[in-house]
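Enquirer: Would you mind keeping the following structure in view while I ask a few things?
Laboratory data are not the source of any read-out in this text; all were calculated from the coordinates shown. This is a predicted model, so every value here is computed, not measured. Cβ: placed from backbone, ideal geometry, glycine included. Neighbour counts: every protein chain shown.
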Amino acid sequence: MNITKKLNHLDLKLIAIIKRIGRFADKHNIRAFLVGGFVRDIFLKIKNFDIDIAVDKQGINFAQFLSKKLNLKIISHQRFGTAILSLGNLKVDIATLRKEAYPYPGSLPVVREGSLADDLARRDFSVNALAVGINKDDFGMVFDHFNGLADIEHKDLRVLHDKSFLDDPTRILRLVRFAARFNFSIETKTLNLLKQARLAGALENMQKQRVREELFLIFEELEPEKAIKLLDKLYGLKFIHKNLRLAAADYQRSVKVREVCDWFEREFYSRRKIDIWLMYFIVFLSGLEVDELEAICKDFVLKRGESIRLLSFKRSQDIFKKLNKASLKPSEVYNILNPLSYEVILLFFAEIKNKQARRHIINFFKRYNLTRIKLTGNDLKKLGVRPGPRFKELLGLMFKQKLNSRLLTKYQELSALKRLIR
């Protein structure tokens, strides 16, 4: 089967890059193939700017050559013979064709160079075990060793061998992620192998930090609650924490998270990007106690900032009562909300029903969070204030006054500062 016509209908930038890579490969007597999810998405008619390329030799050297020719940034991984090229939203993964062996269940694979058949055989599911030639003599030719095209047509997810989930239990998380994303069914034998992996405690026996990345990829999906619900049904969630239980309300809260993040991105598109995956994680863990959350932060080896945000939502539940007061001054709202991250504030915004409390949060984002005083330490020195603790005290008072009275100009700030000093 040849899909040259399908390739030519890709984004012009993508097809230009693919054809150039194919020409470079021909020039250096290297066979090159499109592989993996990029090929799958061609048949599903899904846009994908992450190109996966496998070559039959010298993958990193080939990637280094390409990075110079195409003016792309490069990150190399010598152990696995892979490299990532990137420019803007375009990402090109280059890898040498390889075979993998797992010394024991759940271990990292031992990698050796292999054939195209070897490389496709190490994939997770048949729908991802497709390759397309991009050399001149086989451009557009599809290599389908495991009937992946038929599974795409029938919307089935199927593993390639019986030990797939035991060798790499993170494939369980990928299975539910793809099933939810593409609305695919899970083939009967694959479902039985998943049950066997569950009985063997495949995910529980893995280091949680190895599970972390695949779990967080679920939270980056458009509707992660679908995958989490399927995961809970097919495997359970005790591999995250033994006391984790989810109810219908938890899934409904995740929908509110998406709505409030959409609102924030529309209204405040110039602010920093929200870590929505962390917000989903916080929502699904919200039924646990602080000490249990601390254990999860440690087990999953979360970054310090991630741990702080995760724990602060649980530790700040009294914010509901604080923000319900209509008489709060802007400076008081600022003092309540400013210590919290955008993610945590938005989680409260998603749950708070009190109109006044919601208005306080909106005002915080629209005005209070952007407020800055124009005065500096030099202005205080000119007015005879000596450097020291008084500096910080006066600047703090000025900031509070600016929030509460809307001092707009530096002149107005200076006038207010003189009154404070007197």
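Enquirer: Note down the net charge around T170, summing +1 for each Lys or Arg and -1 for each Asp or Glu among other residues with Cβ under 12 Å from its Cβ.
Expert: +1
Enquirer: Further, regarding this structure: Let's see if you can work this out: charge +1 on each Lys and Arg Cβ, -1 on each Asp and Glu Cβ, no other charges. What is the dipole magnitude of the chain about its Cα centre, in debye to the nearest 20?
Expert: Dipole about the Cα centre, nearest 20: 2840 debye.
Enquirer: Let me ask something else. For each pair in K6/K136; K163/K242; K273/K298, compute the distance between the two Cα atoms and list the pairs where it is over 19 Å.
Expert: Those over the limit are K163/K242; K273/K298.
Enquirer: Looking at the chain, send over the antiparallel percent of its DSSP beta bridges, to the nearest 5.
Expert: 75
Enquirer: Let me ask something additional. Where the only charges are on Cβ atoms (+1 Lys, Arg; -1 Asp, Glu), what is the dipole of the range 246-290 about its Cα centre, to the nearest 20 debye?
Expert: The calculation lands at about 160 debye.
Enquirer: Okay, helix-only estimate at 222 nm for the chain: each DSSP H run of n ≥ 4 adds -39500 (n - 2.57), divide by all residues, round to 500 deg cm²/dmol; what do you get?
Expert: Calculated mean residue ellipticity at 222 nm is -16000 deg cm²/dmol.
Enquirer: Identify, among V111, W263, Y334, the residue whose Cα sits farthest towards the positive end of the charge dipole of the chain, taking +1 on the Cβ of Lys and Arg and -1 on the Cβ of Asp and Glu, with the dipole about the Cα centre.
Expert: Y334
Enquirer: Translational diffusion coefficient of the range 1-73 at 4 °C, 1.567 mPa s, Stokes-Einstein with Kirkwood Rh over Cα pairs, in µm²/s as a whole number.
Expert: 100
Enquirer: Report, in whole Å, the centroid distance computed from the Cα atoms of the range 193-247 and the range 29-63.
Expert: Centre-to-centre distance over Cα atoms comes out at 29 Å.
Enquirer: May I have the pair-distance distribution P(r) for the range 36-177, computed from all Cα-Cα distances with 10 Å bins from 0 and rounded to whole percent?
Expert: 11, 37, 39, 12, 0
Enquirer: Ignoring the sites themselves, what is the longest stretch of the chain with no GluC sites (Glu not before Pro) in a DSSP loop and at most 14 other beta-carbon atoms within 10 Å?
Expert: By the stated rule (loop sites, at most 14 other Cβ atoms within 10 Å), 1-219.
Enquirer: Sequence gap at least 6, Cα distance under 8 Å: using those rules, report the relative contact order of the range 147-240 to the nearest whole percent.
Expert: Taking the mean separation of contacting Cα pairs over the length of the range 147-240, I get 34 percent.
Enquirer: Shifting gears a bit: By the scheme Lys and Arg +1, Asp and Glu -1, what is the net charge of all other residues having a beta-carbon under 13 Å from that of V35?
Expert: Net local charge, V35 excluded: -4.
Enquirer: Return the aspartates and glutamates within reach of K233: Cα separation strictly under 13 angstrom, same-chain partners fewer than 8 residues apart disregarded; answer none if there are no such residues.
Expert: Qualifying aspartates and glutamates at Cα under 13 Å: E225.
Enquirer: What is the list of residues in the range 26-66 whose amide nitrogen lies under 18 Å from a point 7 angstrom out from the Cα of A16, following Cα to Cβ?
Expert: 48-51, 66
Enquirer: Nearest 0.05, what FRET efficiency do N147 and S270 give at R0 = 56 Å with Cβ-Cβ as r?
Expert: Approximately 0.70, to the nearest 0.05.
Enquirer: With point charges of +1 on the Cβ of Lys and Arg and -1 on the Cβ of Asp and Glu, referenced to the Cα centre of the range 352-411, which listed residue (G377, L394, N363) lies farthest in the positive direction of the dipole?
Expert: So the residue we want is N363.
Enquirer: Ok, one more. For the chain, modelled as a GNM with alpha-carbon contacts under 10 angstrom, which of S254, S331, S270 fluctuates the most?
Expert: Residue with maximal mean-square fluctuation among S254, S331, S270: S270.
Enquirer: Using the number of other C-beta atoms within 10 angstrom as an exposure proxy, rank M206, M1 with the fewest first.
Expert: Listed from fewest to most nearby Cβ atoms, that is M1, M206.
Enquirer: Please state the charge dipole magnitude for the range 268-370, taken about the Cα centre, from unit charges on C-beta atoms (+1 on K and R, -1 on D and E), reported in debye and rounded to the nearest 20.
Expert: Using Cβ point charges on Lys, Arg, Asp and Glu, the range 268-370 gives about 780 debye.
Enquirer: Can you give me the relative contact order of the range 4-154 as a percent, contacts being Cα pairs under 8 Å and 6 or more apart?
Expert: Reported as a whole number, the value is 24 percent.
Enquirer: If you take the charge dipole of the range 219-297 about its Cα centre, with +1 on Lys and Arg Cβ and -1 on Asp and Glu Cβ, which of Y280, A295, I228 is farthest toward its positive end?
Expert: It is I228.
Enquirer: To the nearest 10 degrees, how steeply does helix 248-267 sit against the main Cα axis of the chain, on a 0 to 90 scale?
Expert: Compared with the principal axis, the helix lies near 70 degrees.
Enquirer: Something else now. Find the centroid of the Cα atoms in the range 381-422 and in the range 274-295, then give the distance between the two in whole Å.
Expert: 40
Enquirer: Skipping prolines and chain starts, which residues have an amide H placed within reach, meaning under 5 Å, of the one on L157, given they are 5 or more residues away or on another chain?
Expert: Sorted by chain and number, the residues that satisfy this are S185, I186, E187.
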